[in-house]
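Worksheet: the structure to be examined is printed underneath.
FYI, it's all coordinate maths here, none of it is from the lab. Remember, it's a predicted structure, so these values are computed and weren't measured experimentally. All Cβ positions, even for glycine, are placed from backbone atoms using ideal geometry, and neighbour counts span all protein chains on display.
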Amino acid sequence: MTIETILPIPNIFEAKRILCIQPHYDDNDIAAAGILTQLAQQGAEIIYLTVTNDLMGVVDHSLSDQEAADALKRDQFAAAKIVGVKEQYWLGYPDAGEYDYFAVRRDLLKYLRMLKPDFVFTCDPWLTYEAHHDHIQTGLATAEAVMFAGLTKIASSDPEVDSAYEPHEIQGIAFYFTREPNYIADISATWEDKIGALRCYEAQFTSQEMEQLVSAFDTKSQQVAQGQSFARGEPLKVLHTSALHVGI
Ligand SMILES: [Zn+2]
């Protein structure tokens, strides 16, 4: 008997409502727009939640914070249209700034209890050589909040959401930006959509950087599909929510 017999890797294609929690406004799409577009096309509701305000990476320094925030949202909505994202939420924590881990976790508990997704996507906080604190905080707070979503003694940032909460099962969590994938999603059919979505992110990349990004993903998407029966892939670590503690 293997551990997968007891805790089988959940099937992302069974998910009806997927909450994708990202540190910055483009991470979900850079890492997983291919599979998320496919899931949306098959009828899943895709919801994005962005933890930080993402203001540090905006290329045009002449923009005020408000103008930069507007440009970021404009990009995000253009990409969301391609991917098929239904709703978006923002927490607005300072990009690359100082903020409290537990405050983020409380907010994520609120959205998990309120939106009741059956699957959650986020960045892998245990990625080897990940130096960006926003990624570590977001991935870890998401994983912990997924694990604690049903335990309402652990308060969210909204007591009304906690008191109205009814038990709800989150089937699984998919970590992107991972070096330990256990699932390679076939994104051959949605590759063009993914590149189209990435190209919407104009505020944060110069055109030269954008070409580098597209070229890197062109190579990488084919590399990760080697040995598979398809041409392009996105690597994910997909776990049953009960596999998020003590290594079971
Ligand atoms: Zn990021």
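One table, with the values for the structure above:
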| read-out | value |
| --- | --- |
| Pairwise Lys count, the chain - Cα closer than 23 Å, eight or more residues apart or different chains | 21 |
| Residue exposure sequence - VAL59, VAL51, VAL224 - by fewest surrounding Cβ within 10 Å | VAL59, VAL224, VAL51 |
| Least to most buried among THR178, THR50 (fewest other Cβ within 10 Å first) | THR178, THR50 |
| Dipole of the stretch 1-149 [Lys/Arg +1, Asp/Glu -1 at C-beta], most positive-end residue of THR122, VAL58, ALA40 | ALA40 |
| Highest-MSF residue in the chain out of LEU36, LEU91, LEU140 [GNM, Cα springs under 10 Å] | LEU91 |
| For the stretch 152-228, radius of gyration divided by Kirkwood radius, i.e. Rg to Rh on alpha-carbons | 1.17 |
| Sorted by Cβ neighbour density within 10 Å, fewest at the top, the residues THR138, THR122 | THR138, THR122 |
| Among LYS81, LYS16, LYS237, residue whose mean-square fluctuation peaks in a GNM of the chain (springs only between Cα atoms under 10 Å) | LYS81 |
| Segment GLU130-ALA78, extension gain: residue separation times 0.36 nm, minus the distance between their alpha carbons | 15.9 nm |
| Furthest towards positive pole of dipole, ALA31, SER157, SER188, structure part the chain, Cβ charges | SER188 |
| Size of charge dipole - the chain - debye, nearest 20, with Cβ of Lys, Arg +1 and Asp, Glu -1, no other charges | 680 |
| Magnitude of the charge dipole, the stretch 32-107, Cβ model with Lys/Arg +1 and Asp/Glu -1, debye to 20 | 400 |
